[in-house]
Amino acid sequence: MLINVMDLYKYYHHGDSITKALDGLSLQVKKGEMLAIMGRSGSGKSTLLNILAGIDYVDKGKYYYDNKKVPLNNQKELSIFRRDKIGFIVQNFALIGYKNTFDNVALPLKYQKYTKKEINSKVMALLKSVSLKDKANKYPHELSGGECQRVAIARALINDPELILADEPTGSLDIKTEEEIMDIFAYLNQELGKTIIIVTHNFDIAKKCTRVIHIHEGKITA
Amino acid sequence: MFLEEFKASCKDNKLIFIIIILQFTTALTFLNISINGLNTIYFKKTSFNQSLDKNYYELIDNYTGNNEVAFKNEQDNLKRLKDFYHLLIQNENFNYMEMSFQPLYVKDFQGENKFLYGYKHNQNQPPILLDNGYYSYVYSIQINETTITEFNLKLEDGEMFMETDYLYHKDTPIPVLLGYDYMSVYNIGDEIEIDYLQLRTKIKVKGFLSKNSSVINQDTIVYLDRYIVFPSITFNMDPFNSFEKGIQYRAYLNKVNGVIVANELSPNEVQNIINNLTKISSLNNFIIIGSNNDQLDILNLQASKFIDLTVILSILISLFATISLILSICNKFRRNMKNYAIHLINGSTIIYIKKFIALEILFYMLCANALTILFSYIFLGYFYYSTYILLTTVLIIFLTLLIPFKMIHKINVSTLLREE
C-alpha cells in the first residue's frame, strides 16, 4: 500500500460556523494505481489532495506513506517529503512567471545538491520527453495552455517521484490538449509505474483511471 | 539560489523595488541631515551656554580723529601700548582674549570670492598691485591662546599653534590656521606671501579648523570657515626704523583692543582694574563695553526651539516612513506569495523563504544607507553617517520583517496555487 489515510478530519472555521471539509475520511491507494477523485465543488476532494501532498493540515487523523507515518507537523521534514515523494500539478499550472521553461522545471533540483551539469542534463531529457526541448528558453506567457501544463508535469517528474497528485489538471485546457495531457498521465502510469491521483469533475477523465471514488460532504460515498 | 531568486524578484517588481529604495533613502537622508543639523546646533548651543556663564568686556581704544593723530605722534606710544598689553595678559584677575578682525592681503590669491573681504556684503575689493604682484584682501582674524580655549576651537587637520608661534621672527614664515573651506585651496605646509598691516612676509599653513568653528564677537557668532586664522603676534625686539615701528604700533593697537573674560568680577571692578592699568601705562583713552548677553539669550532660546521642532519633525517623519515602508514591503511580499507557494511545493521550506525575505529587506537597507551617505555629501559637502541612522535601520528592518514573517506562517498554499 502506497497511501493509507485513516479518519481524516478537516474543519474550516468561518466566524461562528464550521465547515467540515473532511469528515472521518479513510482511503487506501495501492502502488501503480491511477485514481480519480470526483465530487461537487466544496465536497472536500481538493482538501484531501492537498493533505496527501503535505501542503494542508488535518485537525485529526493519520497519514501513512509507504507504511511510514508522514510528519504532518514538522515543516522541514514535510518539505523534504513533498520534494522527494510527490509531484504536484494544479489547474493553473503554478509556474513562476519570471522563470523560463528550463528554470521552472529545474526549480526542485535547485533545492538539492545537484551540479549545473546534472541539472542541465536532467531537465533537457525531461523536456525532450514532453516535447518541449525547443521551448526551454520560453517564458510561461509565451507558451500555450497545453505547453504550460506539460512544463508543470515535467517539473512534477523532475525528482522522479512515486506519486503524482493532480488537481483538475485539464480544467483550463481544450479537449484536444486535454487528451494529450491524459495520454501523458496514462504513459506515466502504465509505462513508468507511477501512482497517480487526479481530482476532476470530468467523467471522461475519470473513465481513463483505474479506480474512481466520489466524495460528498467530506466522506467517500462510492 | 538566493541571489538568483532575489535578482529575479527585483527585476519582476522593478517599479516597487525602486519606490521602496527611494522611500528608505528619502527618510534616512532627511533623518541623517536633521541629526547633523541637530548636532551642529547642539554644539553651538553648548558653546552659547558656556558663553552665557561668562562675562565678556570689550576693551576699545578711543584713539580716533585728533586723538589718534596726537597719539601717533607721541614718541613712546609703542612702548606704552606694549606695557599696557603685558599688563593685560599678566593680570591674574581675568583672562585676556585677543580677537582682531584685521583682513590680510594675499598675493596671487587663487581662492573663490567668498574668501574675499566684503563678500558678505557684496562689496568685494579687486586685487591691488603691490610691488611685484597682485594682492587680494581676504578675511582674517588674529587670536591668542585664550581665544582658542574660550571658543574650544578644534582642528580638522594639522597642528594647533604653539607658544613660539605667537612670537614674530623676521624671515621666518608666520604659522597660520585656515578655516575649513580653505581645505580645497591650500595644503598643510603651503607658504603664502601676504601683507599684514604693511608687513610684507610669508605665512605657512599649519592646519585647518573643524567645520563650523566659530567665535562670538560683539554678541554675534562669526564662523571661521572662510578665515585665515593668524596668531596674534608679539614683537619682542624694538623696531629698527620708523617703518617697522609703524607696523608694531598698528599690531599692538589691535592687540589691546581685546576682550576681558572676567567671571568673578563686577563691571565696576573691571572698570577700576582697567583704569588702574591704563594709568600705569599712561594711556587714558580706553573704554569698556560691559557684557551684554541678551542676544545670546535669544539665540539660545531660538536654538532650543529649533532643536525641539526638528526632533519632533524627525520622529514624525521616521514613523510615517516606517509605516509606509512596512505597507510597501507587505504589498510586495503579498505579490510574491504565490511564488513562495510554488517554491514550497517544489522543495522549499518556510525558513528558507524567511531568509529570502530578510535578504531582500537587508538589500533595500544597504542600498538606502549607501545612497544616504552619498546624499549627505551632496547636501552637506562632506560624508556624514549618524549612528542613529544605523539604529533606525535596524529598527525598521525588525518592524518590516514582522508582518511578512507572520504572513508566511499563515500561507495557504492550496488557495494561492488556485489563483489565476
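The values are calculated or read from the model by the stated rules, or taken from the named source; none is laboratory data. Here the structure is a predicted model, which is why all the values come from computation and not from measurement. Every residue, glycine among them, receives a Cβ derived from its backbone with ideal geometry; neighbour counts consider all protein chains shown. Heavy atoms of the whole protein, side chains included, go into the accessibility calculation; ligands, DNA and RNA do not. Shrake-Rupley method; radii C 1.70, N 1.55, O 1.52, S 1.80 Å.
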Which entries in A:Lys20/A:Lys194; B:Lys354/B:Lys410; A:Lys116/B:Lys14; B:Lys7/B:Lys354 show an alpha-carbon gap greater than 21 Å?
A:Lys20/A:Lys194; A:Lys116/B:Lys14
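Is there a quick way to get the dipole size of chain B? I mean about its Cα centre, with the Cβ of Lys and Arg at +1 and of Asp and Glu at -1; what is the value in debye to the nearest 20?
Working: 35 positive and 40 negative charges, 461 e Å.
That gives chain B a dipole magnitude of about 2220 debye.
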Specify the residue with the greatest mean-square fluctuation among B:Asn346, B:Asn272, B:Asn257, computed from a Gaussian network of chain B linking alpha-carbon atoms under 10 Å apart.
B:Asn346
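Taking a 20 Å limit on the Cα-Cα distance, which of the listed pairs A:Lys85/A:Lys219; A:Lys45/A:Lys207; A:Lys208/B:Lys338; A:Lys30/A:Lys62; A:Lys128/B:Lys11 fall beyond it?
Details: A:Lys85/A:Lys219 25 Å; A:Lys45/A:Lys207 17 Å; A:Lys208/B:Lys338 31 Å; A:Lys30/A:Lys62 17 Å; A:Lys128/B:Lys11 29 Å.
Exceeds cut-off: A:Lys85/A:Lys219; A:Lys208/B:Lys338; A:Lys128/B:Lys11.
What is the average number of partner chain Cβ atoms found within 10 Å of a Cβ in B:343-356?
Details: counts 6, 7, 18, 19, 13, 7, 9, 4, 3, 3, 0, 0, 0, 0.
Per residue, the average neighbour count from other chains is 6.
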So which lysines can B:Lys107 reach, going by Cα to Cα under 23 Å and dropping same-chain residues fewer than 8 places off?
B:Lys120, B:Lys170, B:Lys202, B:Lys204, B:Lys206
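Work the Kirkwood hydrodynamic radius out for the protein assembly as shown: mean of 1/r over every pair of different alpha-carbon atoms, inverted, in Å. The partial results should precede the final answer.
Numbers: mean 1/r = 0.0311 Å⁻¹.
Evaluated over the protein assembly as shown, this radius sits at 32.2 Å.
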With every protein chain in place, the accessible area of A:Lys85 for a 1.4 Å probe, in Å² rounded to the nearest 10, comes to 80
Heavy-atom accessible area of A:His216, protein chains in place, probe 1.4 angstrom, given in Å² to nearest 10, is 90
Where in chain B are the helices, taken as whole DSSP H runs, whose Cα atoms extend 30 angstrom or more along the long axis and whose Kyte-Doolittle mean reaches at least 1.0?
B:350-380, B:387-409
Once the Cα gyration tensor of the stretch B:98-233 is diagonalised, what are the square roots of 5 times its eigenvalues, in whole Å and ordered largest first, as equivalent ellipsoid semi-axes?
21, 18, 14
Please give the helix A:75-85 orientation as an angle from the longest Cα principal axis of chain A, in degrees from 0 to 90, rounded to the nearest 10.
60
Calculate the length of the line joining the C-alpha centroid of the stretch A:194-222 to that of the stretch B:314-358, in whole Å.
38
Computed over the Cα atoms of chain A, what is the convex hull's projected area averaged over all directions, in nm²?
12.6
Mind checking the dipole of the protein assembly as shown: about its Cα centre, +1 per Lys or Arg Cβ, -1 per Asp or Glu Cβ, Debye to the nearest 20?
3760
What is the angle, in °, between the Cα long axis of helix A:175-190 and the longest principal axis of the Cα atoms in chain A? Nearest 10 is fine, range 0 to 90.
80
Accessible surface ranking that places the most exposed of A:Lys110, B:Lys332 first, with a 1.4 angstrom probe
A:Lys110, B:Lys332
Below 17 Å, Cα to Cα, which aspartates and glutamates can A:Lys76 reach? Residues fewer than 8 away in the same chain don't count.
A:Asp56, A:Asp84
Lysines near B:Lys114 by alpha-carbon distance under 20 Å, same-chain residues fewer than 8 away left out - which ones?
B:Lys211
So for the stretch B:98-233, taking the charge dipole from beta-carbon charges (+1 Lys/Arg, -1 Asp/Glu), which of B:Leu155, B:Ser210, B:Asn132 sits furthest toward the positive end?
B:Asn132
Given an 8 Å cut-off on Cα distances and at least 6 residues of separation, report the relative contact order of the stretch B:98-233 as a percent.
30
Expressed as a rounded percentage, what relative contact order does chain B have, with Cα pairs under 8 Å and six or more residues apart?
25
What does the convex hull of the Cα atoms come to per residue for the stretch A:122-219, in Å³?
115
In the full protein assembly as shown, how much of B:Phe375 is accessible to a 1.4 Å probe, in Å² to the nearest 10?
70
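If packing is taken as the average count of other Cβ atoms within 10 Å, what order do A:155-164, B:239-248 fall into, highest mean first?
Numbers: A:155-164: 21.1, B:239-248: 13.6.
My ranking of the peptides, most packed first, is A:155-164, B:239-248.
For every helix of n ≥ 4 consecutive DSSP H residues, a contribution of -39,500 (n - 2.57) applies; sum these over chain A, divide by its total residues, and give [θ] at 222 nm rounded to the nearest 500 deg cm²/dmol.
Numbers: 7 runs with 78 residues, N = 222.
Value at 222 nm, helices only: -10500 deg cm²/dmol.
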Against the longest principal axis of chain A, how steep is helix A:101-110, in degrees 0 to 90 to the nearest 10, with axes from Cα atoms?
60
Using the Kirkwood radius built from alpha carbon pairs, what does the Stokes-Einstein equation give as D for chain B at 4 °C and 1.567 mPa s, in µm² per second?
49
How much mean residue ellipticity at 222 nm does chain B get from its helices, if each DSSP H run of length 4 or more adds -39500 (n - 2.57) and you divide by all residues, to the nearest 500 deg cm²/dmol?
-18000 deg cm²/dmol
